[in-house]
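Note sheet for the following structure.
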């Protein structure tokens, strides 16, 4: 049941919402999750706070891009398989079309200074927007629980040190909180088998040719084994796309990541840009289908089990611990991104201004991103 709806729920309304979010939702996984909380929990009342937090934990435990997992999870709990399918299409399609357009432009003008300046400025502004969204998610997930704060801080430190979001850390956070807050008398062993059973061992470094089906298989591997935010898939792709298969140069790969950051929707849509540079439109389709199909299947197959377990008190405690750990890992991802961004004084200033405009003045994120891009072209 959906409690205290501000506006009546409809599948059409949900699909239109995710079509809009996929069209104007800038900033990557952390801001996208923040928008979903703001609009669907606090605004429309179509998702309860508890459902959102369960979705947050589910999206961090299952492999695949975090924001897409969360969107598809919401589609499933509201309207089943049909909801998941329509949300997937509406959320992913807008950014896919935009990335293909940008890939065409890149092939013509990619080496020009103005485009590089645009990427640099937008990346800095996105970082500022991400900080605000991480702050809001932390407030929602942790509140005033001191134990959750301790788990959050420890997860943040570990994720910053490892520069990764290992699944064992998420599980450990859940188990520790559950054991300290609830005695697991009746909890199913499914709690502990839920995430490990998703781990798939694949060989990703062997060079493969660039036919449609072989590219499709490579990106299925990427979507199946990488946990966390869209940024988490970047090192995996770098190993296969640049170092293993030599499809792109390092400069082209970094530009692909930048393009994904200046387009709305899921950050992992960078795979469509990579696929287009390698094998034109068929390559882009193969890459996008490959990376998003595992996400879709995991949501459909595992959400029913997850929702049944969610009524169990020890499992609820487990989810709270996982959510706190995941939130710490999200914050760590922003810190690691800033550490490796090689920003100069101008870029740092842009990030700070974007944070202030977003946090203090509530300026819409698309306007901040657009303004940063214009400034970058004019002055960088």
Residue 100 being in a helix (DSSP H, G or I) and buried (at least 24 other Cβ atoms within 10 Å of the Cβ): no
Any hit, segment 348-364, residues being crowded, with 17+ Cβ neighbours inside 10 Å and within 18 Å of the chain's Cα centre (by Cα): no
Identity of the residue in segment 292-346, assigned to a loop (DSSP other than H, G, I, E, B) and free of Cβ contacts under 8 Å to residues at least 24 places away in the same chain, that ends up farthest from residue 180 (Cα to Cα): 344
Residues satisfying the stated conditions in segment 124-155, i.e. buried (at least 22 other Cβ atoms within 10 Å of the Cβ) and over 16 Å from the mean Cα position of the chain (by Cα): 124, 125, 128, 141, 148, 151, 152, 155
Which numbered condition residue 129 fails, given (1) modelled with pLDDT of 85 or more; (2) under 17 Å from residue 332 (Cα atoms): (1)
In segment 208-227, residue modelled with the highest pLDDT [restricted to those that are surrounded by 12 or more Cβ atoms within 10 Å (Cβ to Cβ) and more than 20 Å from residue 62 (Cα to Cα)]: 216
Residue satisfying all of: in segment 232-249; part of a helix (DSSP H, G or I) and at pLDDT 70 or above; nearest to residue 331 (Cα to Cα) among these: 237
Within segment 31-60, tally of residues that are in a loop (DSSP other than H, G, I, E, B) and either in contact with a helix residue (DSSP H, G or I) (Cβ under 9 Å, 6 or more places away or on another chain) or at pLDDT below 90 (or both): 4
Sole exception among (1) in contact (Cβ under 8 Å) with a residue 60 or more places away in the chain; (2) surrounded by fewer than 20 Cβ atoms within 10 Å (Cβ to Cβ); (3) more than 20 Å from residue 286 (Cα to Cα) for residue 80, by number: (1)
Residue 96 over 24 Å from residue 221 (Cα atoms) and within 19 Å of the chain's Cα centre (by Cα): no
Test: residue in segment 63-73 that is closer than 17 Å to residue 325 by Cα, touching a strand residue (DSSP E or B) at 6+ places or on another chain (Cβ under 9 Å), surrounded by fewer than 23 Cβ atoms within 10 Å (Cβ to Cβ) and in contact (Cβ under 8 Å) with a residue 40 or more places away in the chain: yes
Segment 363-380, residues that are more than 20 Å from residue 35 (Cβ to Cβ) and assigned to a helix (DSSP H, G or I): 374, 375, 376, 377, 378, 379
Sole exception among (1) in a loop (DSSP other than H, G, I, E, B); (2) crowded, with 24+ Cβ neighbours inside 10 Å for residue 8, by number: (2)
Enumeration of residues in segment 20-32 that are over 17 Å from residue 355 (Cα atoms) and in contact (Cβ under 8 Å) with a residue 60 or more places away in the chain: 21, 22, 23, 24
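The values are calculated or read from the model by the stated rules, or taken from the named source; none is laboratory data. A quick note: this is a predicted structure, and the numbers were derived from the prediction, not measured. Neighbour counts are summed over all protein chains in view; Cβ atoms, including those assigned to glycine, are modelled from backbone coordinates with ideal geometry.
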